[in-house]
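Participant: To start, I am sharing the structure in question, which I have written as structure tokens.
The values are calculated or read from the model by the stated rules, or taken from the named source; none is laboratory data. Here the structure is a predicted model, which means the values were calculated and not measured. Cβ coordinates were reconstructed from backbone atoms using ideal geometry, including for glycine residues, and neighbour counts include every protein chain displayed.
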């Protein structure tokens with residue numbers, strides 16, 4: 001059984017000027033992403049800092065002992081009624097296996113439902129390295145909706161997951 005986080009985890013929606021650096025460090029810690037991908041994660045935070053909600057990117061940050069240890073970035077999909085993308089979800093490598101990712105995803109789904117969302121879509125790689133990520137999404141109730149062969153590179157498919165969501169009371173973490 002994974003160890004619980006000592007002390008409370010605080011969630012916030014507000015994006016702070018220190019968040020781009022925190023996101024860079026956290027996403028890099030996972031070992032899953034190449035530098036250009038990490039740059040994209042940081043750019044979305046910076047876009048929100050400069051444009052606010054008009055950026056189309058919404059965030060949920062998890063802090064433990066004053067340090068950002070996880071986050072989710074999501075937003076409405078243009079020209080749809082109630083469909084949202086989960087662009088990023090990451091937990092710092094030294095905090096994985098404690099249920100924080102599952103908690104972030106559940107709260108993100110609640111936030112999406114509160115603003116009229118009805119479906120969430122997630123894209124991930126089909127490489128073997130991402131099998132734990134795929135299992136995570138499936139364990140959280142997401143269904144594999146499509147596979148785009150060789151999308152990212154030869155031998156690297158894009159897998160698209162989807163889930164119908166409904167508003168539910170927040171869980172205690």
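One line per residue, one yes/no per condition, for (1) assigned to a helix (DSSP H, G or I); (2) closer than 23 Å to residue 112 by Cβ; (3) at pLDDT 95 or above:
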site	(1), (2), (3)
17	no, no, yes
25	yes, no, yes
33	no, no, no
39	yes, no, yes
43	yes, yes, yes
49	yes, yes, yes
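Participant: Please work out which one of (1) within 14 Å of the chain's Cα centre (by Cα); (2) surrounded by fewer than 17 Cβ atoms within 10 Å (Cβ to Cβ) is the condition residue 105 fails and give its number.
Facilitator: Unmet for residue 105, out of (1) within 14 Å of the chain's Cα centre (by Cα); (2) surrounded by fewer than 17 Cβ atoms within 10 Å (Cβ to Cβ): (2).
Participant: Can you name every residue in the range 103-134 that is without any contact (Cβ under 8 Å) to a residue 40 or more places away in the chain and over 21 Å from residue 71 (Cβ atoms)?
Facilitator: 116, 126, 127, 128, 131
Participant: Before we move on, is residue 62 under 25 Å from residue 146 (Cβ atoms), in contact with a helix residue (DSSP H, G or I) (Cβ under 7 Å, 6 or more places away or on another chain) and part of a strand (DSSP E or B)?
Facilitator: no
Participant: Then there is this: Within the range 125-149, track down each residue that is out of contact with any strand residue (DSSP E or B) (no Cβ under 8 Å at 6 or more places or on another chain) and exposed (fewer than 14 other Cβ atoms within 10 Å of the Cβ).
Facilitator: 128, 129, 131, 132, 135, 139
Participant: For the range 96-107, does any single residue satisfy the condition of being touching a helix residue (DSSP H, G or I) at 6+ places or on another chain (Cβ under 6 Å), farther than 24 Å from residue 53 by Cα and assigned to a helix (DSSP H, G or I)?
Facilitator: No, every residue in the range 96-107 fails to be touching a helix residue (DSSP H, G or I) at 6+ places or on another chain (Cβ under 6 Å), farther than 24 Å from residue 53 by Cα and assigned to a helix (DSSP H, G or I).
Participant: What tally of residues in the range 140-173 results from selecting those that are at pLDDT 95 or above and touching a helix residue (DSSP H, G or I) at 6+ places or on another chain (Cβ under 8 Å)?
Facilitator: Here the count works out to 5.
Participant: Note down all Cβ pairs under 8 Å where the first residue falls in the range 135-162 and is in contact (Cβ under 8 Å) with a residue 24 or more places away in the chain and at positive phi, the second is part of a loop (DSSP other than H, G, I, E, B) and surrounded by 11 or more Cβ atoms within 10 Å (Cβ to Cβ), and they're at least six residues apart or on different chains.
Facilitator: 155/127
Participant: Right, next: Within the range 79-94, restricting attention to residues that are in contact (Cβ under 8 Å) with a residue 24 or more places away in the chain, surrounded by fewer than 20 Cβ atoms within 10 Å (Cβ to Cβ) and not in a strand (DSSP E or B), which residue is nearest to the chain's Cα centre (by Cα)?
Facilitator: Once the filter is applied, the top-ranked residue is 93.
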